[in-house]
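The values are calculated or read from the model by the stated rules, or taken from the named source; none is laboratory data. Only a predicted model underlies this, so the values are computations on that prediction, with no experimental measurement involved. Quick reminder, even Gly has a Cβ in these numbers, built from the backbone with ideal geometry, and neighbours come from all protein chains shown. For the accessible areas, the whole protein counts, side chains as well, though only heavy atoms, and no ligand, DNA or RNA atoms are used. Shrake-Rupley method; radii C 1.70, N 1.55, O 1.52, S 1.80 Å.
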Amino acid sequence: MKLASLKDGSRDGRLLVVRADLERAVMAESAPTLQAALDDWATVAPQLAHEADALARHAREDSFGFDANHCHAPLPRAYQWADGSAYVNHVALVRQARGAAVPESFWTEPLMYQGGSDAFLGPRRSIALADEAWGIDFEAEVAVIVDDVPMGATRAQAATAIRLVMLVNDVSLRNLIPGELAKGFGFFQSKPASAASPVAVTPDELGAAWDGGKVHLPLLVELNGEPFGRAEAGEDMTFDFPALIAHAARTRRLAAGSIIGSGTVSNRDAEGGPGKPVAEGGRGYSCIAEQRTVETLRHGAAQTPFLRFGDRVRIEMHDVEGRSIFGAIDQQIEPPPD
């Protein structure tokens, strides 16, 4: 089933059950919000599935056209947002741009940071930031929403806790990152609010593309209407979602509604290199920082600027038949309102 949160004037929105084709939706009767559903998933999920089935059979007379422009993020505020960096190729490229080596431990233990989860941006909400000089970048990711996870969870426990899958734009301010990391205390100002796709889906909606830990489909990124990335999310993922969840739960329990991100989806090319731009027949990139690093390696200097006011980013994933699974994150970069 596919779930969304309709803007209704409240902080958490109103839970919607969305048809598989993203054309119609109904107000969920089983729970008022997605967090309420997650808090009692064992009871509520079968009821939501029944509602989804009725919607698919056109048996709900109260259905209406689904419009992502009227949606919050599926969880407008979450108890936790822990973003991993499962694609070590991305880590290596970004660190190379900073002149930093990749320690061997990065291949055996995931990187993870705790981001701001109190105000996820809706899928069509503008990215409002005060200064282009901060080095505004997008990061296209896959994320999962989990049920309660015990501290010290095993891989099997972590895998069975995955309830929903969605897409994320983890906005980064590249020119603020080096100064923050140099203080030895991690990201904060360089990681503003992230955005999420219009809908979150149960893993069964992904069919054979979901193997229990990875999504084996391209993640499509456009910048100002031009193809920028189509990295395969199931390839080069050093740590899958059960591994990331178990890592996050090593010293703490995770509450139902916690979101675990994959980090920027990133592929190497067939020869083992960092990959080529889409314009050159490659899979491109899921963030500008990677393209700039590759440009520096190949041409001696970065050529692609970071995002500027007026730029538009679109992130989406299609099934094997070309249909949108999660709806699109479609955002424009703007200065804050006066």
**Request:** Treating each Cα of region 52-170 as an identical point scatterer and ignoring solvent, apply the Debye formula and state log10 I(q)/I(0) at q = 0.12, 0.18, 0.24 Å⁻¹.
**Result:** -0.67, -1.21, -1.47
**Prompt:** If you take all C-alpha pairs in the chain, what percent of them are over 39 Å apart?
**Reply:** 10
**Message:** 5 Å is the cut-off here: which amide hydrogens, built 1.01 Å from N in the peptide plane, fall below it relative to Leu164, excluding neighbours closer than 5 in sequence?
**Reply:** Ile145
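DSSP loop chymotrypsin sites (Phe, Trp or Tyr not before Pro) in region 143-248 with at most 16 other Cβ atoms within 10 Å of their Cβ, which ones? Working shown, then result.
Details: sites: Phe185, Phe187, Phe188, Trp210, Phe228, Phe239; in loops: Phe185, Phe187, Phe188, Phe239.
Qualifying residues, ordered by number: Phe185, Phe188.
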**Request:** Write down the accessible area per residue of region 253-321 in Å², having rolled a 1.4 Å probe over the full set of protein chains.
**Result:** 43
**Asked** If Lys and Arg each add +1 and Asp and Glu each add -1, what is the summed charge of the other residues whose beta carbon sits under 15 Å from the beta carbon of Leu55?
**Response** -3
**Item:** Alpha-carbon centroid distance for the pair region 122-163 / region 1-52, whole angstrom
**Value:** 19
**Request:** Could you tell me which of rounded, prolate or oblate describes region 1-62, using a ≥ b ≥ c as the square roots of the eigenvalues of the alpha-carbon gyration tensor, with rounded for a/c under 1.5 and, failing that, prolate when a/b is larger than b/c and oblate otherwise?
**Result:** oblate
**Request:** Report Rg/Rh for region 240-338, rounded to two decimals, where Rg is the Cα radius of gyration and Rh the Kirkwood radius.
**Result:** 1.04
**Prompt:** With contacts defined as alpha carbon pairs under 8 Å and 6 or more residues apart, what's the relative contact order of region 1-156 in percent?
**Reply:** 21
**Item:** Cα extents of region 222-281 along the three principal axes, largest first (Å)
**Value:** 45, 29, 14
**Fill in**
Rh (Kirkwood, all Cα-Cα pairs) for region 89-159, Å, reads 16.3
**Prompt:** In the neighborhood of Leu164, defined by Cβ-to-Cβ distances under 13 Å, what is the net charge if each Lys or Arg adds +1 and each Asp or Glu adds -1?
**Reply:** -1
**Asked** Residues with beta-carbon under 13 Å from that of Ala270, excluding Ala270: net charge, scoring Lys, Arg +1 and Asp, Glu -1?
**Response** -2
**Request:** Kindly sort Glu61, Glu23, Glu316, Glu132 by accessible area of their heavy atoms, largest first, with the probe set to 1.4 Å.
**Result:** Glu61, Glu23, Glu132, Glu316
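Could you tell me what percent of the accessible area of region 233-330 is made up of carbon and sulfur, with a 1.4 Å probe and every protein chain present? Mind showing how you got there, number by number?
Numbers: 1830 of 3960 Å².
Carbon with sulfur: 46 percent of the solvent-accessible area.
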**Message:** Viscosity 1.002 mPa s, temperature 20 °C: what is the translational diffusion coefficient of region 178-233 from Stokes-Einstein with a Kirkwood Rh over Cα pairs, rounded to a whole number of µm²/s?
**Reply:** 145
**Prompt:** Over region 28-114, how many percent of alpha carbon pairs lie in each 5 Å bin up to the one with the longest distance?
**Reply:** 3, 10, 13, 14, 12, 9, 9, 10, 9, 7, 3, 1
**Message:** I'd like the accessible area for Trp41, computed on protein heavy atoms only with a 1.4 Å probe and all protein chains in place. Round to 10 Å², please.
**Reply:** 30
